[in-house]
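Okay, here's the structure, questions in a sec.
The values are calculated or read from the model by the stated rules, or taken from the named source; none is laboratory data. Please read these numbers as outputs of a predicted model, since none were measured by experiment. Here Cβ is always computed from backbone atoms with ideal geometry, including for glycine, and neighbour counts include all displayed protein chains. To get the accessible areas, we keep the full protein, side chains included, count just its heavy atoms, and leave off ligands, DNA and RNA. Shrake-Rupley method; radii C 1.70, N 1.55, O 1.52, S 1.80 Å.
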Amino acid sequence: MADNTHDNTDYTVTDKAKMTLGHAPAGLYLPGIDETTHKEAVRLCARDFLEHHVFFNDRGFHNHLNHHLLSVFSLGAPAKRLQEVFDQNKEILLPSHSPMDVDITTENFTEHFSNERCYPNYVSFFQRELDAAGDNWKAVA
């Protein structure tokens, strides 16, 4: 398994994960949502993306940490609470795997669906597809 852990001061994870989070219209902001909590929400979502597998157990139950983080962020939780949510949830999450020795392409896309160890390979495939699509991300969806 890959050792992808980052410390709580590493904001480079947002660049590594190519992670952004749009801003809601001003009327939708609750008290507590500010640039600090926004930055922290992005950082913690990026850490989850880089450090954890999409499943949290061997039965295929999905990791919903990003949903939890964005929910408490949207409700105005302070940055400290976001970190607490991350720390509490990470204990049950599976670490991300190192990529398998296979390159996922449009030609072999369906050949590795049943191999959950290829998850990082599929992430790389979709990142390449999104990068190639540029602003037209809907072409990939």
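Looking at segment 86-122, which of the residues that are under 20 Å from the mean Cα position of the chain (by Cα) and charged (D, E, K, R) is most open to solvent (accessible area, probe 1.4 Å)?
The selected residue is E91.
Can we say N8 is surrounded by 14 or more Cβ atoms within 10 Å (Cβ to Cβ), touching a helix residue (DSSP H, G or I) at 6+ places or on another chain (Cβ under 7 Å), at pLDDT below 85 and on the phi < 0 side of the Ramachandran plot?
When the stated conditions are applied, N8 does not pass them.
If you go through segment 123-133 one residue at a time, do you hit one that is open to solvent by 30 Å² or more (accessible area, probe 1.4 Å), at positive phi and at pLDDT below 90?
No, because not a single residue in segment 123-133 is open to solvent by 30 Å² or more (accessible area, probe 1.4 Å), at positive phi and at pLDDT below 90.
State all residues of segment 48-63 that are of a type in the set (A, V, I, L, M, F, W, C) and part of a loop (DSSP other than H, G, I, E, B); if no residue qualifies, say none.
V54, F56, F61, listed by residue number.
When the residues of segment 104-141 are filtered to those that are in a loop (DSSP other than H, G, I, E, B) and touching a Phe, Trp or Tyr at 6+ places or on another chain (Cβ under 8 Å), which remaining residue is nearest to R59 (Cα to Cα)?
It comes out as H112.
Next question. Pull out all pairs, ordered by first then second residue, where Cβ-Cβ is under 7 Å, the residues are six or more apart or on different chains, the first lies in segment 124-136 and is acidic (D, E), and the second is open to solvent by less than 80 Å² (accessible area, probe 1.4 Å).
These pairs meet every condition: E129/V140.
Specify the residue that is farthest from T36 (Cα to Cα); the eligible residues are those in segment 59-85 that are touching a residue at least 24 places away in the same chain (Cβ under 8 Å) and open to solvent by 70 Å² or more (accessible area, probe 1.4 Å).
L75
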